[in-house]
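The values are calculated or read from the model by the stated rules, or taken from the named source; none is laboratory data. Just so it is clear, the structure is predicted and the values come from calculations on it, not from any experiment. Note that each Cβ is placed from the backbone with ideal geometry, even for glycine, and that neighbours are counted across all protein chains shown.
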Amino acid sequence: MNKKVEKKPTEKKSDKKPKKKVPTELKPIENDTTDAIPVEKKTKVKRKIKMIPILILFVAIVLVYFLVKLVFGIKIQNIYVKGNNSLSDEYIIEKAGLKDYPSYFKNLSFIVEKRLKNDIFIKDVKVKRQFFAVINIEVEENRVLFYKVSDGLYVLENGEETNEIPFKTNPVTVVNYVPDTVYDKFVKKMSQLSEDVRTKISEIKYDPSDYDQGRFLLYMIDGNYVYVTITKFESLNYYNEIYPTLEGKKGILYLDSGNHFQEIK
């Protein structure tokens, strides 16, 4: 028997040529994790660098604070007072606000001077500071001129009046009333007398005459009497020179007119 041989279908060759594959360009990955890591590291380093100046500033502030506290904690070691005759050192130191020897640097010269100038018995003051926390105070006292019996007041060199004084004194006593028309001139003339002459006067009496409304009678401690007018008051400054010429005699010295001496036996 003849077998039929089946023919395999023949593949037709295609006339079309195969397309070539064009290689595509690789685009860089924007969110590449390899670049993100170093960026974070740089940021941390920058933050650490910024913190260093802040820490330095903080430490400096703390050091300055404790240094200032230490300096202002230094107390006054010594206080020297000069120029006072009636006022005690203790009184001046107390009025200066230095009684407890406080901080040396908190009590500057002008501050201490201002405190003392507010006191009625201090005319002027100079304060000097030295090394080793030492303070020197030099005062000019506003001394007591006289005591007015008429109103019970002490009158000071600058004309101020007070009913109390912080020291023992035995001032001149004005025994009667002096009218306002004469009083201001009288205070000024008294302040121009030397301290030595003032201490030789015991009492003063306003004793005007018919032709001289500015006349006073002075009772001297040595037992003599002196008449003087307001216009010649400064002549009392020569009393220490006149007294030896009296040769121990007691009487009335007229300095208001004539400048002569009348002995009282």
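Which condition number in (1) in contact (Cβ under 8 Å) with a residue 24 or more places away in the chain; (2) hydrophobic (A, V, I, L, M, F, W, C); (3) surrounded by fewer than 16 Cβ atoms within 10 Å (Cβ to Cβ) is the one that F186 fails?
For F186, the exception is condition (3).
Residues checked against (1) in a loop (DSSP other than H, G, I, E, B); (2) of a type in the set (S, T, N, Q); (3) in the same structural domain as K189 (by TED's automatic domain parsing):
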{"site": "L87", "(1), (2), (3)": "yes, no, no"}
{"site": "N107", "(1), (2), (3)": "yes, yes, no"}
{"site": "R115", "(1), (2), (3)": "no, no, no"}
{"site": "S150", "(1), (2), (3)": "yes, yes, yes"}
{"site": "N158", "(1), (2), (3)": "yes, yes, yes"}
{"site": "P166", "(1), (2), (3)": "yes, no, yes"}
{"site": "N170", "(1), (2), (3)": "yes, yes, yes"}
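Please work out if N237 is out of contact with any Pro (no Cβ under 6 Å at 6 or more places or on another chain), exposed (fewer than 12 other Cβ atoms within 10 Å of the Cβ) and either β-branched (V, I, T) or within 30 Å of K117 (Cα to Cα) (or both).
On the way: out of contact with any Pro (no Cβ under 6 Å at 6 or more places or on another chain): yes; exposed (fewer than 12 other Cβ atoms within 10 Å of the Cβ): no; either β-branched (V, I, T) or within 30 Å of K117 (Cα to Cα) (or both): yes.
No.
Would you confirm whether or not the range 240-250 contains a residue that is modelled with pLDDT of 95 or more, closer than 11 Å to V197 by Cβ and in the same structural domain as K189 (by TED's automatic domain parsing)?
no
Being surrounded by 13 or more Cβ atoms within 10 Å (Cβ to Cβ), of a type in the set (S, T, Y) and closer than 16 Å to V178 by Cβ is the filter here, so list the residues in the range 150-166 that pass it.
Y154
Condition first: in a loop (DSSP other than H, G, I, E, B) and either of a type in the set (D, E, K, R) or in contact (Cβ under 8 Å) with a residue 60 or more places away in the chain (or both). Now tell me which residues in the range 89-105 satisfy that. If you could, list the steps in order and put the result at the bottom.
Within the range 89-105, the first condition is being in a loop (DSSP other than H, G, I, E, B), and the residues that meet it are 96-102, 104-105.
Those that are in a loop (DSSP other than H, G, I, E, B) and either of a type in the set (D, E, K, R) or in contact (Cβ under 8 Å) with a residue 60 or more places away in the chain (or both): K99, D100.
Is one or more of the residues making up the range 161-172 over 30 Å from Y206 (Cβ atoms) and without any contact (Cβ under 8 Å) to a residue 24 or more places away in the chain?
Within the range 161-172, the first condition is being over 30 Å from Y206 (Cβ atoms), and the residues that meet it are none.
No; the residues of the range 161-172 include none that is over 30 Å from Y206 (Cβ atoms) and without any contact (Cβ under 8 Å) to a residue 24 or more places away in the chain.
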